[in-house]
Amino acid sequence: MNLLRNTPVIFLFAMILGIFLPSAAPLLKNLVIPALALVMTLSLGELEFKSLDLKKGFGNLFLNYIFLSGLIILLSSLLGDEELRLGFIVMAAAPPAIAIVPFSKLLGGDVTESMISNGIIYLSSLVLTPLIILYFTGKSVDVFEILKALVVLILIPLVISRYFKVKDASPWINLGFALVIYTIIGLNVDVLYQNTLVLLGVVLIGIVRTFVTGSVVFFAFRLQGFGTAITKALFSSYKNLGFTAGVSLFLFGERASIPAAVCIFLEILLFNYYFILKKRLLDYFNNR
């Protein structure tokens, strides 16, 4: 059971398994949403409504949709490949990753702030996502998938978490994420066999929009405590890449989904990077 509490090892193992043994991924595809819903429910068990701060929610809206999305759009303009650029535009328009809430719990962040912020941002994304895609690409997008994510992966787990609590949820959260990571990596592993020059620009942009943005924001908010800093960093570096890949594929074709597939790998590695930050810096924050 102790091994199941070792989040970085579990995540890396699931990622490696997805790369080298991806054959079971298509069979597990339909379990991704239920697994995410379960992980969200377990993560919200300790959520307290007494300390709600809507200002922080709107602050994280700024970080995710102005800071992160703006940078993604700016960097994508440097690409010579139009389809890849369009894939990044859809990524910029996407709401944050649902996983930010359970990641906050696993990393010692502010789960309440993460939950409220994700709710506010997903409601806002019903307007922002189609507007951004329409403005930068001229294509319209159905917001039903965003609305479904809001209900299935935020509202329903929130209600269930008021009645269903697990004392030591971390191993089960890790197992749920391991299934999700393996399946998503396995379904997208073919992107590793793309032309190296094609991938290079995408990877460089992906590194900036994950590791660089997250690090900058984390250290910018470090004086407010580790919990706040890591939560802000998550909203500055994670996008809903499942949504991104699906919309990119539907609107612009298979090639446009490459940025989402590449960034899936990077965002999984990013969690391990944040976990190392936690190990290295938590004592510093506690002793300030």
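Overview of values
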{"quantity": "Meets criteria (touching an Asp or Glu at 6+ places or on another chain (Cβ under 9 Å), modelled with pLDDT of 90 or more and either of a type in the set (S, T, N, Q) or surrounded by 15 or more Cβ atoms within 10 Å (Cβ to Cβ) (or both)) for G201", "calculated": "yes"}
{"quantity": "Filter result (of a type in the set (G, A, S) and within 20 Å of G242 (Cβ to Cβ)) within the range 141-162", "calculated": "A149"}
{"quantity": "The range 242-278, residues that are farther than 13 Å from F88 by Cα, of a type in the set (F, W, Y) and touching a residue at least 40 places away in the same chain (Cβ under 8 Å)", "calculated": "F265, F271, Y273, Y274, F275"}
{"quantity": "Yes/no for R162 being of a type in the set (D, E, K, R) and over 20 Å from A97 (Cα atoms)", "calculated": "yes"}
{"quantity": "Qualifying helices (runs of 4 or more DSSP H) (wholly inside the range 38-135; at least 1 residues being at pLDDT 90 or above, small (G, A, S) and farther than 24 Å from V247 by Cα)", "calculated": "54-62, 100-107"}
{"quantity": "Complete set of residues in the range 155-190 that are among the β-branched types (V, I, T) and in contact with a Phe, Trp or Tyr (Cβ under 8 Å, 6 or more places away or on another chain)", "calculated": "V166, I181, I185"}
{"quantity": "Those residues of the range 187-241 which are within 23 Å of I116 (Cα to Cα), without any contact (Cβ under 8 Å) to a residue 40 or more places away in the chain and among the aromatic types (F, W, Y), in sequence order", "calculated": "F219, F221"}
{"quantity": "Leading residue by the ranking (surrounded by the most Cβ atoms within 10 Å (Cβ to Cβ)) among those in the range 136-178 that are among the small types (G, A, S) and part of a helix (DSSP H, G or I)", "calculated": "G176"}
{"quantity": "Where a residue in the range 114-125 is among the β-branched types (V, I, T) and its partner, wherever it lies, is modelled with pLDDT under 90 and assigned to a helix (DSSP H, G or I), with Cβ under 6 Å and at least six apart", "calculated": "I116/G57; I120/G57"}
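Table: residues versus (1) surrounded by 24 or more Cβ atoms within 10 Å (Cβ to Cβ); (2) in contact (Cβ under 8 Å) with a residue 40 or more places away in the chain; (3) of a type outside the set (D, E, K, R).
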site	(1), (2), (3)
K56	no, yes, no
I73	no, yes, yes
L79	no, yes, yes
M91	yes, yes, yes
A97	no, yes, yes
V101	yes, yes, yes
S104	yes, yes, yes
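The values are calculated or read from the model by the stated rules, or taken from the named source; none is laboratory data. No experiment lies behind these values; they were computed from the predicted model shown. Here Cβ is always computed from backbone atoms with ideal geometry, including for glycine, and neighbour counts include all displayed protein chains.
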